[in-house]
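The values are calculated or read from the model by the stated rules, or taken from the named source; none is laboratory data. Keep in mind the model is a prediction, meaning the values are calculated, not measured. Note that we place each Cβ from the backbone using ideal geometry, even for glycine, and neighbour counts take in every protein chain shown. Ligands, DNA and RNA are stripped out before the accessible areas are found, and what is left, the full protein with its side chains, is counted by its heavy atoms. Shrake-Rupley method; radii C 1.70, N 1.55, O 1.52, S 1.80 Å.
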Amino acid sequence: TRPTHSLLVRASTHLTAMNFPKIGLLVCLVVVTCCIAAPSAETVRVDASSGAPRIVVDGKPVRARMFFGIPGSQPLAIGPAGEVLSFEFTPTEDATGTATMHFRFGGTPGEIDLDDIHVTEIDAGRDVIPAQAFEGGDGDFTARWTFWPPGPKNTAGTIRVEKNRGRENTGGLHVSLKAPPDGNWPDFHVYHLPNLTLAKGRRYRVSLWARAQPARDLTVAFYRPGQPFVFLGGPKNPFEREIKMAADVGVDFVSFPVSLPWPPPGEAVNFSASDAECQQVLDANPKALLLPRIWMGPPEWWLRAHPDDAMVWDTPGQPGSFVVASPEYRRDAAASLAALVRHLEEKFGPSMAGYHPCGQNTGEWFYQETWGPALNGYSKGSLLAWRAWLGRRYADDAALQAAWRDPAITLPTAAVPSPAARRAAPAGILRDPVAERSLVDFAEFQQEMMADCVCELARATREATGGRKLVVFFYGYVFEFGPITNSPATSGHYALRRVLDCPDIDVLCSPISYFDRGLGQSAPAMTAAESVALAGKMWLYEDDTRTYLGSGQFPGAFDGVSTLEDTNRELVRNTAQCGLRNFGTWWMDLGATGWFNDPRMWAEMARLKALDDPMLEHPRPFRPEVAAVIDEPSMIRVAAGGDAVTRPGVYEVRRPLGRMGTPYGQYLLDDVTAGRVKAKMYVLLTAWRLTPAQREQLLRATRGSLRVWCYAPGYDDGQQTSLEAMSTLTGFKMKRLADTAAWAEPTPAGAALGLKEAFGVKKPIAPLFAAADATAEETLATYPDGSAAVALRETADGPSLFVGPPGLTSELLRAAARKAGVHLFTQSDCNVYANGPYTALHASGDGPVEVDTGREGDVIDLLSGERLGRGPRITLSMKRGETRVITVIDRK
């Protein structure tokens, strides 16, 4: 009875009537009006030929600014006092004897009472649901209603008809919710038996009495069951109003969920739900360019027919999902997806901008339950795919036995590594390249299977559009998955290079990082965004900022703001960063309750045209002087518990990078070794696994620039662990420490460079390294045992900064930047984004901000036109969270 999981699961014609009679003029004017209103998008693709990716519609660059919304029912607030609620709705589709009414109560414990449920067709005066007073006991419920899920799967709700539970102490329907033992709330709901008749276009009135303790939101909606369920109506949410607000400021791209018909063999495909969802957007904005988000999870009948391809974890009670490595899943999913795309192209072609297939955890193509404690990979389908992968990796049993040092293993009998082995970390933070080869292989297998699934679905989408429309996917959160306790590799997102090499993808996207996204913070990217651009693709920010109108406890809720002013400060920061880094963005009403239902927010989007338009007209690749570099092979070698390093050293390190006073780019290491990244300073965050050839390439590509070597540079040389390899990279003789906290305190030499803040983790980690031969003048910070934790040395190839503890500080980065000759826009903490003559500043604290624009001329506030002073140096009085976008104009 569940509706489709769409939430997870976004040439002018000139005619003349000079020689026409009046009726001809009228007809002609009508034709002109229709032609102007209708969208025209024969092709919508990404052009990255300039190095600055831009969306082009029929060859014309356009702003990559969008709205994402979710049509549906506005939740109704109910509380302990009890009250009568009513609303009207008009169905979007017919349902003759098949419609159903759903009540959903949310995922929190409590008590709910319902009474006097009544649905009528207004014009005809016909009862659709006669008044339900629940005076006859449980039979009044079971005669017309039921609930889902049934049986043992219902771990949350109980339902009874009880006296004194209704309006004025009459009989009522009592729903009691308790927290499930495993913490996973089912989609518990009460629903009317699917025998109601509703007619498209007619008006219906719903009334009911409801009470809740504690107060909560009640969601009421009508559906036509099927594959998929079709939403017919409910209390109208602000979806259409927000589309119109976006259109009023020239934002015509709209992303939204669309149902994927996936019927059993022999059943006809019904596209009516998909059509209605697209038409609803076009009714709100006839010029809209549609980018539907398509949930790719298979229907329940498919999982029942393919039990081997349902995911299996090492602990029970995990939610159902599908095996991305399954050839059967990929085949059937691709076929259903292609059929939908072909249909939408045929029906709405000029209105379709592209397609966004979504799957796995929250639709973002990382493995279901990645953030939880369970480990997946134990289905039969996964095992078969694993053995097939090993067969491609190793020529025969002898090669596998040599690699794994196991004379008993064979390709046909190799098992998925045990949960105990996957959770163990005998060598510490990083896997031993010899003793733990099977674990490294399995981690690589899981990345490739997810990436290959994405690429296969992308190919099906591209072919179905004839190569004419955008293909969009979530993927590549290589910075964001640092805090995963079971290892970043459990995510499946560390085959980004494989996805970047896929020719069938135009746009990769993610939410803005859920770290450091609040007021006064930097809103960092989850990925190696500049490597995405180097690959000819666009990175897109899903801006699900919890505005002052935000609701619920969605991700990022803790960074929500309470005023329009603070909301706009964050939105301008986010969108200005997108403009300067050549990102796309959609403003996302994540709660589907009107997070962007205020024209004063959209007015900021209009003002930002002052930045977007010149960047479109004169595209500028984003090439900052500081490169933050991450290596995928190193990240999949992080063992369980390795978040002790990767949380501060990969995930949280974006905070000091964002505050150091100059912009930074995010790159994959293989782009650096290939010579595609030119920077004055390379912050090598995870260059932990490098073959001798890669070491040579890296040193050659970065020669003359300052290199920041983080944690364990070169420790894994591809065959074994090696202190000598570390010394070759850093220029320091390295030693391994034991029983010393990974905590660095500045020395007098460090203090002379402006270092005041200690950093790292206040516990021992293994392995941990120090610069054994660093002099006192070179040692900028020491471990508790006095050995060199941070050391800076001049080498023949340029300055080398070794940083042993996980993490960095903005002070240390600024000191390194000065040494590297990097231009610092500010000499104190401030979130800075810059490209060409444009700079955006988002204050991390209150007080004056001294800005060095690096250019002579008048400094202008780009959004207001106000002259702020004469560059290159000005002082701005700013409050924490304030955003200014400036440019320099030389009027000589």
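Quick notes
- If only the Cβ of Lys and Arg carry +1 and only the Cβ of Asp and Glu carry -1, the dipole of the chain around its Cα centre is close to 1320 debye.
- Reported to the nearest whole Å, the Cα centre-to-centre distance from the range 808-855 to the range 165-196 is 55.
- Summarising the amide proton neighbourhood of residue 849: residues at separation of 5 or more, or on other chains, whose placed amide H is nearer than 5 Å comprise 876, 877, 878.
- According to the Kirkwood relation over distinct C-alpha pairs, the hydrodynamic radius of the range 784-892 is 15.9 Å.
- Rounded to the nearest whole Hz, the Karplus-based 3J(HN,Hα) values (6.51 cos²θ - 1.76 cosθ + 1.60, θ = phi - 60°) of the range 784-793 follow the sequence x, 7, x, 6, 6, 8, 10, 9, 10, 9, with x at glycine and proline.
- Extended-chain gain in nm, criterion 0.36 nm per residue less alpha-carbon gap, residue 762 and residue 777: 2.9 nm
- Ranking 161, 55, 87 by how far each Cα lies toward the positive end of the dipole of the chain (charges on Cβ) leaves 55 at the top.
- Between the residues 478, 105, 194, the greatest Cα displacement towards the positive end of the dipole of the chain, with unit charges on the Cβ of Lys, Arg, Asp and Glu, is found for 478.
- Per residue, the solvent-accessible area of the chain (1.4 Å probe, heavy atoms of protein chains only, all protein chains present) comes to 37 Å².
- Under the combined filter of DSSP loop state and at most 13 neighbouring Cβ atoms within 10 Å, the range 394-483 retains these trypsin sites (Lys or Arg not before Pro): 405.
- Applying the Karplus relation 6.51 cos²θ - 1.76 cosθ + 1.60 with θ = phi - 60° to the range 541-554 yields 3J(HN,Hα) values of 8, 7, 8, 9, 3, 7, 5, 5, 9, x, 9, x, 10, 6 Hz, where x marks Gly and Pro.
- Karplus-derived 3J(HN,Hα), 6.51/-1.76/1.60, for each residue of the range 180-188, Hz, glycine and proline x: x, x, 8, x, 9, 6, x, 7, 5
- In range of the label at residue 674: residues from the range 627-641 whose backbone nitrogen is under 12 Å from the point 7 Å along Cα→Cβ: none
- Selection of GluC sites (Glu not before Pro), the range 431-467, meeting DSSP coil and at most 13 other Cβ within 10 Å: none
- By the Kirkwood approach, averaging reciprocal distances over each pair of separate Cα atoms, the range 87-241 gets a hydrodynamic radius of 16.2 Å.
- For residue 403, neighbours were defined as the other residues whose beta-carbon sits under 14 Å from its Cβ, and their charges (Lys and Arg +1, Asp and Glu -1) total -2.
- Residues whose placed amide H lies under 5 Å from that of residue 147, excluding near-sequence neighbours: 191
- Spacing of the modelled spin labels on residue 703 and residue 463, each 7 Å from Cα toward Cβ, amounts to 4.7 nm.
- Kirkwood Rh in Å, taken over the range 66-135 so that all alpha-carbon pairs contribute: 15.3
- For the range 621-697, the set of trypsin sites (Lys or Arg not before Pro) satisfying both a DSSP loop assignment and a count of at most 15 other C-beta atoms within 10 Å is given as 676, 678.
- If only the Cβ of Lys and Arg carry +1 and only the Cβ of Asp and Glu carry -1, the dipole of the range 764-892 around its Cα centre is close to 540 debye.
- Take the Cα of residue 873, step 7 Å toward its Cβ, do the same at residue 562, and the gap between the two points is 4.0 nm.
- Alpha-carbon centroids, the range 461-504 and the range 372-396: separation in whole Å: 20
- For the range 183-280, alpha-carbon Rg and Dmax in angstrom: 17.0, 48
- With N as its number of residues, the chain has a Cα radius of gyration that, divided by 2.2 N^0.38 Å, comes to 1.01.
- Gain on full stretching of the segment that runs from residue 205 to residue 280 - 0.36 nm per residue minus C-alpha separation: 24.9 nm
- Computed from the C-beta positions of residue 415 and residue 736 and an R0 of 30 Å, the FRET efficiency is 0.35 to the nearest 0.05.
- Values of log10 I(q)/I(0), in the order q = 0.16, 0.20 Å⁻¹, for the range 491-632 under a Debye, Cα-only, solvent-free model: -0.91, -1.27
- Here each label is just a point 7 Å from Cα along the line to Cβ, and for residue 406 and residue 84 those points are 7.0 nm apart.
- Here's how it looks for residue 429: its modeled amide H is under 5 Å from those of 766, which are all 5 or more places away or on a different chain.
- A dipole drawn for the chain from +1 and -1 charges on Cβ atoms has a positive end, and of 321, 442, 666 the residue lying farthest that way is 666.
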